[in-house]
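The values are calculated or read from the model by the stated rules, or taken from the named source; none is laboratory data. These numbers were taken from a predicted model, which means no experiment stands behind them. Heads up, the Cβs are rebuilt from the backbone with ideal geometry, glycines too, and the neighbour counts pull from every protein chain shown. Accessible surface areas use protein heavy atoms only, side chains included; no ligands, DNA or RNA. Shrake-Rupley method; radii C 1.70, N 1.55, O 1.52, S 1.80 Å.
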Amino acid sequence: MMHFAAIARVPGDPILGLMEAYARDGNPAKFDLGVGVFKDAQGLTPIPAAVKQAEQRLVERQATKSYVGGHGDAAFGRLVSELVLGSDSTLLKSQRAGATQTPGGTGALRLAAEFIAHCLPGRGIWLSDPTWPIHETIFAGAGLKVSHYPYVGADNRLNVDAMLAALEQAPEGDVVLLHACCHNPTGFDLGRDDWRAVLDIVKRRNLLPLIDFAYQGFGDGLEEDAWAVRLFAAELPELLITSSCSKNFGLYRERTGALLVCSHDADKLQDVRSQLAFIARNLWSTPPDHGAAVVAEILGDPALKALWIEEVNAMRQRIAELRVGLVKALEPHGLAGRFAHIAAQRGMFSYTGLNPEQVRLLRERHSVYMVGTGRANIAGADAKRLEQLAAAVADVCR
Ligand code: LMR
(Lines give C-alpha, C1' and ligand atoms only; values in the text may rest on other atoms or scores of the structure.)
Protein backbone atom coordinates (compact mmCIF):
# COMPACT_ATOMS: atom_id res chain seq x y z
CA MET A 1 0.00 0.00 0.00
CA MET A 2 1.25 3.48 -0.80
CA HIS A 3 0.49 5.58 2.29
CA PHE A 4 0.43 8.87 0.41
CA ALA A 5 -1.61 7.65 -2.57
CA ALA A 6 -4.84 9.44 -1.63
CA ILE A 7 -3.21 12.77 -0.92
CA ALA A 8 -4.32 15.41 -3.41
CA ARG A 9 -2.41 18.56 -4.31
CA VAL A 10 -3.78 21.86 -3.01
CA PRO A 11 -3.30 25.08 -4.94
CA GLY A 12 -0.30 27.17 -3.90
CA ASP A 13 -0.74 30.17 -1.62
CA PRO A 14 -2.28 33.00 -3.68
CA ILE A 15 0.04 35.61 -2.17
CA LEU A 16 3.34 33.76 -1.64
CA GLY A 17 2.95 32.09 -5.06
CA LEU A 18 3.22 35.52 -6.68
CA MET A 19 6.74 35.93 -5.27
CA GLU A 20 7.87 32.86 -7.18
CA ALA A 21 6.09 33.81 -10.41
CA TYR A 22 7.61 37.29 -10.24
CA ALA A 23 11.11 35.89 -9.65
CA ARG A 24 10.75 33.65 -12.71
CA ASP A 25 9.70 36.53 -15.00
CA GLY A 26 12.68 37.63 -17.10
CA ASN A 27 11.16 41.00 -18.09
CA PRO A 28 13.43 43.71 -16.61
CA ALA A 29 10.48 46.13 -16.63
CA LYS A 30 8.39 43.96 -14.28
CA PHE A 31 6.49 45.24 -11.20
CA ASP A 32 6.08 43.32 -7.94
CA LEU A 33 2.84 44.50 -6.36
CA GLY A 34 2.09 41.11 -4.79
CA VAL A 35 3.22 40.07 -1.33
CA GLY A 36 3.06 42.78 1.35
CA VAL A 37 6.66 43.82 1.79
CA PHE A 38 8.00 47.36 1.71
CA LYS A 39 10.45 48.24 -1.06
CA ASP A 40 12.78 51.20 -1.22
CA ALA A 41 13.72 53.36 -4.23
CA GLN A 42 16.16 50.61 -5.34
CA GLY A 43 13.42 47.99 -5.26
CA LEU A 44 14.92 46.30 -2.22
CA THR A 45 13.25 45.36 1.04
CA PRO A 46 15.88 46.94 3.29
CA ILE A 47 17.01 45.97 6.75
CA PRO A 48 16.43 49.20 8.72
CA ALA A 49 19.63 50.79 10.08
CA ALA A 50 18.24 50.54 13.62
CA VAL A 51 17.82 46.78 13.13
CA LYS A 52 21.35 46.39 11.78
CA GLN A 53 22.78 48.28 14.75
CA ALA A 54 20.74 46.24 17.22
CA GLU A 55 21.88 43.03 15.55
CA GLN A 56 25.52 44.08 15.81
CA ARG A 57 25.11 44.73 19.51
CA LEU A 58 23.46 41.35 19.99
CA VAL A 59 26.25 39.53 18.19
CA GLU A 60 28.74 41.15 20.57
CA ARG A 61 26.75 40.71 23.72
CA GLN A 62 24.47 37.68 23.47
CA ALA A 63 25.92 34.92 25.59
CA THR A 64 23.43 32.10 25.14
CA LYS A 65 20.98 30.60 22.70
CA SER A 66 19.12 28.73 25.40
CA TYR A 67 15.31 28.79 25.21
CA VAL A 68 13.31 31.86 26.05
CA GLY A 69 10.25 31.10 28.20
CA GLY A 70 6.77 30.26 27.01
CA HIS A 71 5.76 33.93 26.82
CA GLY A 72 9.09 34.87 25.24
CA ASP A 73 11.42 37.59 26.38
CA ALA A 74 9.90 39.68 29.18
CA ALA A 75 11.56 42.92 28.00
CA PHE A 76 10.19 42.40 24.49
CA GLY A 77 6.72 41.76 25.90
CA ARG A 78 6.80 44.91 28.02
CA LEU A 79 8.17 47.15 25.28
CA VAL A 80 5.82 45.89 22.58
CA SER A 81 2.89 46.30 24.96
CA GLU A 82 3.95 49.92 25.53
CA LEU A 83 4.25 50.48 21.79
CA VAL A 84 0.73 49.16 21.24
CA LEU A 85 -1.10 50.41 24.34
CA GLY A 86 0.96 53.55 25.03
CA SER A 87 3.79 54.07 27.48
CA ASP A 88 1.38 55.61 30.02
CA SER A 89 -1.20 52.82 29.75
CA THR A 90 -3.04 52.30 33.02
CA LEU A 91 -3.66 48.70 32.00
CA LEU A 92 0.07 48.08 31.94
CA LYS A 93 0.68 49.98 35.15
CA SER A 94 -1.92 47.84 36.92
CA GLN A 95 -0.66 44.56 35.40
CA ARG A 96 -3.92 44.07 33.52
CA ALA A 97 -2.33 43.59 30.09
CA GLY A 98 0.42 41.26 28.96
CA ALA A 99 2.08 40.03 25.77
CA THR A 100 2.99 36.56 24.64
CA GLN A 101 5.77 36.51 22.06
CA THR A 102 4.81 34.65 18.89
CA PRO A 103 6.34 33.66 15.56
CA GLY A 104 5.09 36.73 13.67
CA GLY A 105 1.63 38.24 13.64
CA THR A 106 0.39 35.04 12.00
CA GLY A 107 1.60 33.05 15.01
CA ALA A 108 -0.30 35.47 17.26
CA LEU A 109 -3.46 34.92 15.23
CA ARG A 110 -2.97 31.18 15.37
CA LEU A 111 -2.49 31.32 19.15
CA ALA A 112 -5.62 33.47 19.48
CA ALA A 113 -7.59 31.01 17.36
CA GLU A 114 -6.55 28.04 19.49
CA PHE A 115 -7.23 30.01 22.67
CA ILE A 116 -10.76 30.85 21.54
CA ALA A 117 -11.38 27.27 20.41
CA HIS A 118 -10.14 25.73 23.67
CA CYS A 119 -11.05 28.29 26.31
CA LEU A 120 -14.15 29.96 24.84
CA PRO A 121 -15.93 26.99 23.23
CA GLY A 122 -18.93 27.71 21.05
CA ARG A 123 -17.83 31.22 20.15
CA GLY A 124 -17.89 32.10 16.46
CA ILE A 125 -15.67 34.69 14.83
CA TRP A 126 -16.65 37.53 12.50
CA LEU A 127 -14.25 38.57 9.77
CA SER A 128 -14.48 41.49 7.38
CA ASP A 129 -15.51 40.69 3.83
CA PRO A 130 -12.95 40.79 2.34
CA THR A 131 -10.08 40.06 4.68
CA TRP A 132 -6.56 38.61 4.54
CA PRO A 133 -7.15 35.06 3.20
CA ILE A 134 -5.13 33.49 6.02
CA HIS A 135 -7.60 34.88 8.57
CA GLU A 136 -10.20 32.66 6.93
CA THR A 137 -8.12 29.49 7.08
CA ILE A 138 -6.58 30.00 10.52
CA PHE A 139 -9.89 30.39 12.32
CA ALA A 140 -11.71 27.75 10.29
CA GLY A 141 -8.73 25.42 10.85
CA ALA A 142 -9.07 25.88 14.61
CA GLY A 143 -12.68 24.74 14.30
CA LEU A 144 -14.37 28.09 14.83
CA LYS A 145 -17.55 29.02 13.02
CA VAL A 146 -16.48 31.82 10.68
CA SER A 147 -19.01 34.52 9.71
CA HIS A 148 -18.49 37.72 7.79
CA TYR A 149 -19.49 41.32 8.10
CA PRO A 150 -19.60 43.35 4.88
CA TYR A 151 -16.74 45.84 4.62
CA VAL A 152 -16.02 46.76 1.01
CA GLY A 153 -18.64 45.89 -1.59
CA ALA A 154 -18.63 45.32 -5.34
CA ASP A 155 -18.51 49.10 -5.85
CA ASN A 156 -15.09 49.11 -4.08
CA ARG A 157 -16.29 51.44 -1.33
CA LEU A 158 -16.20 51.06 2.43
CA ASN A 159 -19.73 50.25 3.63
CA VAL A 160 -19.81 51.05 7.33
CA ASP A 161 -23.61 50.88 7.57
CA ALA A 162 -23.65 47.32 6.27
CA MET A 163 -20.80 46.40 8.61
CA LEU A 164 -22.64 47.77 11.64
CA ALA A 165 -25.91 46.11 10.62
CA ALA A 166 -24.19 42.72 10.40
CA LEU A 167 -22.43 43.12 13.75
CA GLU A 168 -25.80 43.96 15.34
CA GLN A 169 -26.79 40.39 14.43
CA ALA A 170 -23.68 38.72 15.89
CA PRO A 171 -24.59 36.32 18.71
CA GLU A 172 -23.61 37.56 22.15
CA GLY A 173 -20.12 36.43 23.09
CA ASP A 174 -18.84 36.02 19.53
CA VAL A 175 -15.41 37.32 18.59
CA VAL A 176 -15.08 40.11 16.04
CA LEU A 177 -11.79 40.53 14.21
CA LEU A 178 -11.02 44.16 13.38
CA HIS A 179 -8.04 45.59 11.49
CA ALA A 180 -6.51 48.37 13.60
CA CYS A 181 -5.26 50.27 10.55
CA CYS A 182 -4.10 49.71 6.97
CA HIS A 183 -6.83 47.17 6.25
CA ASN A 184 -5.50 44.14 4.39
CA PRO A 185 -6.47 43.71 1.56
CA THR A 186 -8.44 46.87 0.85
CA GLY A 187 -6.50 49.81 2.35
CA PHE A 188 -9.84 51.31 3.45
CA ASP A 189 -9.78 52.20 7.17
CA LEU A 190 -12.60 53.08 9.56
CA GLY A 191 -12.86 56.72 10.66
CA ARG A 192 -12.94 57.60 14.34
CA ASP A 193 -16.74 57.91 14.42
CA ASP A 194 -17.00 54.52 12.75
CA TRP A 195 -14.77 53.00 15.42
CA ARG A 196 -16.97 54.53 18.14
CA ALA A 197 -20.04 53.03 16.48
CA VAL A 198 -18.38 49.59 16.38
CA LEU A 199 -17.39 49.96 20.02
CA ASP A 200 -20.97 50.76 20.92
CA ILE A 201 -22.19 47.54 19.29
CA VAL A 202 -19.39 45.51 20.85
CA LYS A 203 -20.50 46.75 24.28
CA ARG A 204 -24.22 46.25 23.71
CA ARG A 205 -23.85 42.81 22.09
CA ASN A 206 -21.14 41.77 24.55
CA LEU A 207 -18.75 40.80 21.74
CA LEU A 208 -15.04 40.12 22.23
CA PRO A 209 -12.85 42.13 19.83
CA LEU A 210 -9.65 40.65 18.43
CA ILE A 211 -7.76 43.54 16.87
CA ASP A 212 -5.18 42.64 14.25
CA PHE A 213 -2.44 45.29 14.37
CA ALA A 214 0.02 44.27 11.66
CA TYR A 215 0.91 47.67 10.21
CA GLN A 216 1.51 50.03 13.13
CA GLY A 217 3.22 53.13 11.73
CA PHE A 218 2.26 52.57 8.10
CA GLY A 219 -1.06 54.43 8.20
CA ASP A 220 -0.87 57.85 9.84
CA GLY A 221 1.93 57.32 12.40
CA LEU A 222 2.99 54.96 15.19
CA GLU A 223 0.84 56.71 17.81
CA GLU A 224 -2.01 57.72 15.50
CA ASP A 225 -2.45 54.15 14.20
CA ALA A 226 -2.89 52.90 17.77
CA TRP A 227 -5.84 55.22 18.43
CA ALA A 228 -8.62 52.65 18.01
CA VAL A 229 -6.69 49.93 19.87
CA ARG A 230 -6.20 52.24 22.83
CA LEU A 231 -9.83 53.39 22.73
CA PHE A 232 -11.03 49.79 22.88
CA ALA A 233 -8.48 48.93 25.59
CA ALA A 234 -9.68 51.86 27.71
CA GLU A 235 -13.40 51.20 27.22
CA LEU A 236 -13.67 47.44 27.36
CA PRO A 237 -12.97 45.00 30.19
CA GLU A 238 -11.41 42.40 27.89
CA LEU A 239 -9.59 42.56 24.59
CA LEU A 240 -7.25 40.52 22.38
CA ILE A 241 -4.67 42.22 20.14
CA THR A 242 -2.26 40.65 17.68
CA SER A 243 0.82 42.74 16.93
CA SER A 244 3.35 42.18 14.17
CA CYS A 245 6.92 43.49 13.89
CA SER A 246 7.30 42.19 10.34
CA LYS A 247 6.57 45.39 8.46
CA ASN A 248 7.44 48.25 10.78
CA PHE A 249 10.74 46.70 11.89
CA GLY A 250 11.42 45.07 8.49
CA LEU A 251 11.86 41.76 10.33
CA TYR A 252 9.64 39.69 8.03
CA ARG A 253 11.59 36.42 7.97
CA GLU A 254 12.56 36.65 11.63
CA ARG A 255 8.91 35.95 12.53
CA THR A 256 8.38 38.41 15.35
CA GLY A 257 5.02 39.24 16.87
CA ALA A 258 2.91 39.09 20.01
CA LEU A 259 -0.55 38.29 21.28
CA LEU A 260 -1.63 40.89 23.82
CA VAL A 261 -4.41 40.21 26.28
CA CYS A 262 -6.16 42.95 28.26
CA SER A 263 -8.24 41.97 31.26
CA HIS A 264 -10.26 43.86 33.86
CA ASP A 265 -8.52 41.86 36.56
CA ALA A 266 -4.77 41.24 37.05
CA ASP A 267 -5.38 37.81 38.55
CA LYS A 268 -7.65 36.72 35.68
CA LEU A 269 -4.99 37.87 33.25
CA GLN A 270 -2.61 35.30 34.77
CA ASP A 271 -5.23 32.55 34.26
CA VAL A 272 -5.52 33.50 30.60
CA ARG A 273 -1.74 33.73 30.20
CA SER A 274 -1.27 30.29 31.71
CA GLN A 275 -3.57 28.92 28.99
CA LEU A 276 -1.67 30.79 26.28
CA ALA A 277 1.66 29.38 27.46
CA PHE A 278 0.13 25.90 27.50
CA ILE A 279 -1.28 26.25 23.98
CA ALA A 280 1.91 27.83 22.64
CA ARG A 281 3.95 24.98 24.13
CA ASN A 282 1.92 22.59 21.99
CA LEU A 283 2.15 24.74 18.86
CA TRP A 284 5.81 25.87 18.76
CA SER A 285 7.06 25.17 22.28
CA THR A 286 8.94 28.44 22.77
CA PRO A 287 9.13 31.34 20.30
CA PRO A 288 12.11 32.21 18.09
CA ASP A 289 14.33 34.79 19.75
CA HIS A 290 16.33 36.82 17.28
CA GLY A 291 13.72 39.27 15.95
CA ALA A 292 12.25 39.88 19.39
CA ALA A 293 15.72 40.50 20.85
CA VAL A 294 16.31 43.07 18.09
CA VAL A 295 12.99 44.80 18.82
CA ALA A 296 13.73 44.87 22.57
CA GLU A 297 17.17 46.33 21.88
CA ILE A 298 15.68 49.09 19.70
CA LEU A 299 12.71 49.99 21.87
CA GLY A 300 14.81 49.87 25.03
CA ASP A 301 17.38 52.38 23.79
CA PRO A 302 16.17 55.97 23.26
CA ALA A 303 18.70 56.76 20.50
CA LEU A 304 18.05 53.55 18.58
CA LYS A 305 14.31 54.01 19.03
CA ALA A 306 14.49 57.56 17.64
CA LEU A 307 16.38 56.27 14.60
CA TRP A 308 13.79 53.52 14.08
CA ILE A 309 10.88 55.99 14.36
CA GLU A 310 12.53 58.11 11.67
CA GLU A 311 12.85 55.05 9.46
CA VAL A 312 9.21 54.04 9.96
CA ASN A 313 8.15 57.59 9.15
CA ALA A 314 10.22 57.51 5.96
CA MET A 315 8.65 54.21 4.87
CA ARG A 316 5.16 55.61 5.48
CA GLN A 317 5.95 58.78 3.59
CA ARG A 318 7.29 56.86 0.62
CA ILE A 319 4.09 54.82 0.37
CA ALA A 320 1.96 57.97 0.63
CA GLU A 321 3.99 59.59 -2.18
CA LEU A 322 3.66 56.51 -4.36
CA ARG A 323 -0.10 56.56 -3.88
CA VAL A 324 -0.41 60.20 -4.91
CA GLY A 325 2.14 59.74 -7.72
CA LEU A 326 0.28 56.80 -9.22
CA VAL A 327 -3.03 58.66 -9.30
CA LYS A 328 -1.25 61.61 -10.94
CA ALA A 329 0.33 59.30 -13.52
CA LEU A 330 -3.15 57.99 -14.35
CA GLU A 331 -4.36 61.54 -15.14
CA PRO A 332 -3.23 61.68 -18.79
CA HIS A 333 -5.18 58.46 -19.35
CA GLY A 334 -8.36 60.02 -17.99
CA LEU A 335 -8.30 57.56 -15.07
CA ALA A 336 -7.37 59.76 -12.10
CA GLY A 337 -11.00 60.04 -10.98
CA ARG A 338 -11.68 56.34 -11.29
CA PHE A 339 -8.61 55.48 -9.20
CA ALA A 340 -8.68 58.46 -6.81
CA HIS A 341 -9.28 56.05 -3.89
CA ILE A 342 -5.67 54.83 -4.21
CA ALA A 343 -4.44 58.14 -2.77
CA ALA A 344 -6.96 58.05 0.08
CA GLN A 345 -6.34 54.46 1.21
CA ARG A 346 -3.84 53.69 3.95
CA GLY A 347 -0.96 51.30 4.40
CA MET A 348 0.66 49.08 1.81
CA PHE A 349 -2.40 47.76 0.09
CA SER A 350 -4.93 49.09 -2.33
CA TYR A 351 -8.05 47.35 -3.48
CA THR A 352 -7.65 48.89 -6.91
CA GLY A 353 -11.03 47.87 -8.28
CA LEU A 354 -9.32 45.97 -11.11
CA ASN A 355 -11.10 42.68 -11.82
CA PRO A 356 -9.42 39.25 -12.06
CA GLU A 357 -9.34 39.41 -15.87
CA GLN A 358 -7.62 42.81 -15.78
CA VAL A 359 -5.15 41.49 -13.20
CA ARG A 360 -4.40 38.56 -15.52
CA LEU A 361 -3.85 40.87 -18.48
CA LEU A 362 -1.59 43.12 -16.43
CA ARG A 363 0.58 40.16 -15.62
CA GLU A 364 0.58 38.59 -19.09
CA ARG A 365 1.02 41.74 -21.13
CA HIS A 366 3.00 43.96 -18.76
CA SER A 367 4.62 41.73 -16.10
CA VAL A 368 2.71 43.57 -13.36
CA TYR A 369 2.09 41.15 -10.49
CA MET A 370 -0.75 41.68 -8.02
CA VAL A 371 -3.25 39.45 -6.19
CA GLY A 372 -6.13 38.24 -8.37
CA THR A 373 -8.69 40.13 -6.29
CA GLY A 374 -7.17 43.39 -7.55
CA ARG A 375 -5.12 43.99 -4.39
CA ALA A 376 -1.94 45.88 -5.20
CA ASN A 377 0.94 46.37 -2.80
CA ILE A 378 1.58 50.03 -3.55
CA ALA A 379 4.76 49.85 -1.44
CA GLY A 380 6.21 47.61 -4.19
CA ALA A 381 5.86 50.23 -6.94
CA ASP A 382 8.84 52.03 -8.43
CA ALA A 383 8.54 55.83 -8.18
CA LYS A 384 10.61 56.29 -11.33
CA ARG A 385 8.32 54.09 -13.41
CA LEU A 386 4.86 55.20 -12.33
CA GLU A 387 4.07 56.39 -15.87
CA GLN A 388 4.85 52.90 -17.16
CA LEU A 389 2.64 51.34 -14.50
CA ALA A 390 -0.19 53.81 -15.25
CA ALA A 391 0.06 53.05 -18.98
CA ALA A 392 -0.21 49.32 -18.22
CA VAL A 393 -3.30 49.92 -16.05
CA ALA A 394 -4.81 52.11 -18.78
CA ASP A 395 -4.16 49.37 -21.35
CA VAL A 396 -6.13 46.75 -19.42
CA CYS A 397 -8.94 49.21 -18.59
CA ARG A 398 -9.64 49.98 -22.27
C1 LMR B 1 0.38 40.01 2.70
O2 LMR B 1 -0.83 40.03 2.90
O3 LMR B 1 0.88 40.08 1.58
C4 LMR B 1 1.32 39.94 3.88
O5 LMR B 1 0.59 39.97 5.06
C6 LMR B 1 2.24 38.80 3.79
C7 LMR B 1 1.56 37.47 3.96
O8 LMR B 1 2.07 36.68 4.77
O9 LMR B 1 0.56 37.19 3.30
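Nearest 5 percent is fine: what portion of the DSSP beta bridges confined to the chain is antiparallel?
45 percent
How many angstrom separate the Cα center of the stretch 343-379 from the Cα center of the stretch 204-257?
25 Å
Kindly list the residues of the stretch 269-295 that lie in the label zone of ARG61, defined by a backbone N under 17 Å from the point 7 Å along the Cα-to-C-beta vector.
289-295
Nearest 500 deg cm²/dmol is fine: what mean residue ellipticity at 222 nm does the chain get from its DSSP H runs of n ≥ 4 alone, each adding -39,500 (n - 2.57), divided by its residue count?
Value at 222 nm, helices only, nearest 500: -14000 deg cm²/dmol.
Can you give the accessible area of ARG338 in Å² (nearest 10), computed on protein heavy atoms with a 1.4 Å probe?
Using a 1.4 Å probe on the heavy atoms, I get roughly 110 Å².
Hand me the chymotrypsin sites (Phe, Trp or Tyr not before Pro) from the stretch 67-148 located in a DSSP loop with no more than 12 other Cβ atoms within 10 Å, in residue order please.
For chymotrypsin sites (Phe, Trp or Tyr not before Pro) across the stretch 67-148 that sit outside H, G, I, E and B with at most 12 neighbouring Cβ atoms in 10 Å, the list reads TYR67.
What does DSSP give for the stretch 116-255 in terms of the percent of beta bridges that are antiparallel, rounded to the nearest 5?
5 percent
Report, in whole Å, the centroid distance computed from the Cα atoms of the stretch 38-116 and the stretch 131-193.
If we compute the Cα centre of each part, the gap is 26 Å.
Could you work out what % of the accessible surface of the chain is carbon and sulfur, using a 1.4 angstrom probe and leaving DNA, RNA and ligands out of the count?
That share works out to 53 percent.
Just how much of MET163 is accessible, in Å², when a 1.4 Å probe is used and the result is rounded to the nearest 10?
Spelled out: MET163, probe radius 1.4 Å, area about 0 Å².
In what sequence, largest accessible area first, do MET370, MET1 appear using a 1.4 Å probe?
Listed by decreasing accessible area, they come as MET1, MET370.
Quote to one decimal, in nm, the extra length available between ARG385 and THR90 on full extension: 0.36 nm per residue of separation minus the C-alpha distance between them.
101.4 nm
Considering the stretch 67-300, what Rg and Dmax in Å follow from its alpha-carbon atoms?
16.4, 50
From Cα pairs below 8 angstrom and at least 6 apart in sequence, can you work out the relative contact order of the stretch 1-103, rounded to a whole percent?
17 percent
Give the aspartates and glutamates whose C-alpha is closer than 17 Å to that of LYS52, dropping any in the same chain fewer than 8 places away, or say none.
Result set, ordered by chain and number: ASP40, GLU60, GLU254, ASP289, GLU297, ASP301, GLU310, GLU311.
If the chain between LEU164 and LEU236 were fully stretched, how many nm would it gain, using 0.36 nm times the residue separation less the Cα-Cα distance?
In short, 24.1 nm is gained.
Students often get this wrong, so check it: of LYS145/LYS203; LYS93/LYS203; LYS305/LYS328; LYS203/LYS305; LYS268/LYS305; LYS93/LYS247, which have C-alpha atoms separated by over 30 Å?
From LYS145/LYS203; LYS93/LYS203; LYS305/LYS328; LYS203/LYS305; LYS268/LYS305; LYS93/LYS247, over 30 Å: LYS305/LYS328; LYS203/LYS305; LYS268/LYS305.
Between ASP265 and ALA140, what's the calculated FRET efficiency when r is the beta-carbon distance and R0 is 25 Å? Round to 0.05.
So the FRET efficiency works out to roughly 0.20.
Considering just Cα atoms, how many Å³ per residue does the convex hull of the chain enclose?
166 Å³
Please work out the average accessible area per residue across the stretch 67-300, using the 1.4 Å probe convention, and give it in Å².
38 Å²
Let me know the charge dipole size of the chain about its Cα centre in debye, to the nearest 20, where only the beta-carbon of Lys, Arg (+1) and Asp, Glu (-1) is charged.
Using Cβ point charges on Lys, Arg, Asp and Glu, the chain gives about 620 debye.
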